[in-house]
1. With a/c under 1.5 counting as rounded, go ahead and sort the range 294-402 into rounded, prolate or oblate using the C-alpha gyration tensor (a ≥ b ≥ c being the square roots of the eigenvalues; past the cut-off, prolate if a/b is larger than b/c, else oblate).
2. Any idea which of I370, T201, S101 is furthest toward the positive side of the dipole for the chain, if Lys and Arg beta-carbons carry +1 and Asp and Glu beta-carbons -1?
3. In debye, nearest 20, what is the charge dipole magnitude of the chain about its Cα centre with +1 on Lys and Arg Cβ and -1 on Asp and Glu Cβ, if you could check?
4. Rounded to the nearest 10 degrees, what's the angle between the helix 415-425 long axis and the longest principal axis of the chain, both from Cα atoms, 0 to 90?
5. Can you check what the net charge comes to around E133, using other residues whose Cβ is under 11 Å from the Cβ of E133 (Lys, Arg +1; Asp, Glu -1)?
6. Which whole-angstrom value gives the distance between the alpha carbon centres of the range 162-237 and the range 1-69?
7. At 0.692 mPa s and 37 °C, plugging the Kirkwood radius over alpha-carbon pairs of the range 51-201 into Stokes-Einstein gives what diffusion coefficient in µm²/s?
8. Take D331, D353, D41 and order them by how many other Cβ atoms sit within 10 Å, fewest up front.
Amino acid sequence: MTLVLFLGVLIVSILLGLPVAFALLLSSIALMLHMDLFSADILAQSLINGVDSFPLLAVPFFLVAGEVMANGGLSRRIVRLASTLVGHRKGGLGYVAIITSVLLAGLSGSAVADAAALVSILYPMMRKSGYPEGPSIGLLASGGIIAPVIPPSLPLIIVGVAGNISIAKLFLGGIAPGLMMGAALMLVWWLLMRRQTVDTTPKATGAERLAALKDGVWALLLPLIIIGGIRFGIFTPTEAAVVAAVYAITVSAIIYRELTLKGFYHILIGAGRATAMVMFLVGAAMVAAWLITVAQLPQQLAQILGPLVEHPRVLMAVIMLIVLLVGMVMDLSPTILILVPLFMPIVKLAGIDPVYFGLMFVINTSIGLITPPVGTVLNVVCGVGKAQMSTAVRGALPFIAAYVALLVLFVIFPSLIIVPMKFFAG
């Protein structure tokens, strides 16, 4: 009864257009009233305690770092470097987009920011060179969603907080699956481009490649600093966010000289607003998570999924199917904050590695960013590229299929994630 009440109030509130954070609070209040536990003081205290978390300090700093990189010239230099390496090949601009997606993922951690940067820079070039509209916009959107998987990643931080999982291990574990996502995009793009006739750019000379590398080396150093610092215990993920922000500001303002005071002011305002939204959502989700525990909802869910506990792969397949369906109609962060606390107890009961589960959850919910009807990243790329949503959806379908196939492989062979994770974590 309590599980039905919680989910019923939550779903109805969202369908009525209530913001997810308020829907979570409303469903929490409904649970409190049902259990005769309602207290405004407890509600307020739980809301504040939900955001009183050291790991969440990383959110504003990574947001600042990502916006500075997008506006300070780092993204453009990454695109230029990738163009000198593979731009001359058939379908070369697509490979440039994929390589850039992977490199930008190690800089910003934001799918929306990366996808917008890719579309604004590469989409006009692709259309001018005769690339088909659908696959081009679909590829750029699909490349953008690698960002939540490769560190630094805000969704990985949120999963770590919501599921009490080591964020450092999540960061190090996200490297391999993120690279595999890039490889899957390359395979699909190669298949799509085999029969296409598109213009190619002249092959860059060694001197041009060296010049692009020298110009972009400052941007390339950032993910190495973050991953290396976390791997060798120099700083925590939260401290890494501060390092990333300071580094990005220094490079953009002093070395590249493209970040102005006025631009930095607008970046701080935007990051502050985004942080407030994320923190309120997290706080509301933590209230719901506390009540979920008090109401023993995970135990009720365990009774439903209990027969699958002895079969971890089947259990993961069922959970991933549920998450995939929910992710199609709900944005990434709310999906994480609602479902991770609900599924985590049964995941641990089945003996599934929590880090593996957290990474799978983020990969799955990232796919939801390019699937209708919500498709946040699809909406962004259509807006920036002035493309029709129907065209973007058709163009993204082959890449969505590749991602889902990769997700199935990860369910069948968990070692594809776990073994590299242990290697990077030492």
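Quick note: the coordinates plus some simple rules give every number you see, no bench work behind them. This is a predicted model, so every value here is computed, not measured. Heads up, the Cβs are rebuilt from the backbone with ideal geometry, glycines too, and the neighbour counts pull from every protein chain shown.
1. prolate
2. About the Cα centre, the residue reaching furthest to the positive side is T201.
3. About 1520 debye.
4. 80
5. Neighbour charge sum, excluding E133 itself: +3.
6. When both Cα centres are located, 34 Å separates them.
7. The Stokes-Einstein estimate is 207 µm²/s.
8. Working: D331 16, D353 20, D41 7.
Ranked by crowding around the Cβ, least crowded first: D41, D331, D353.
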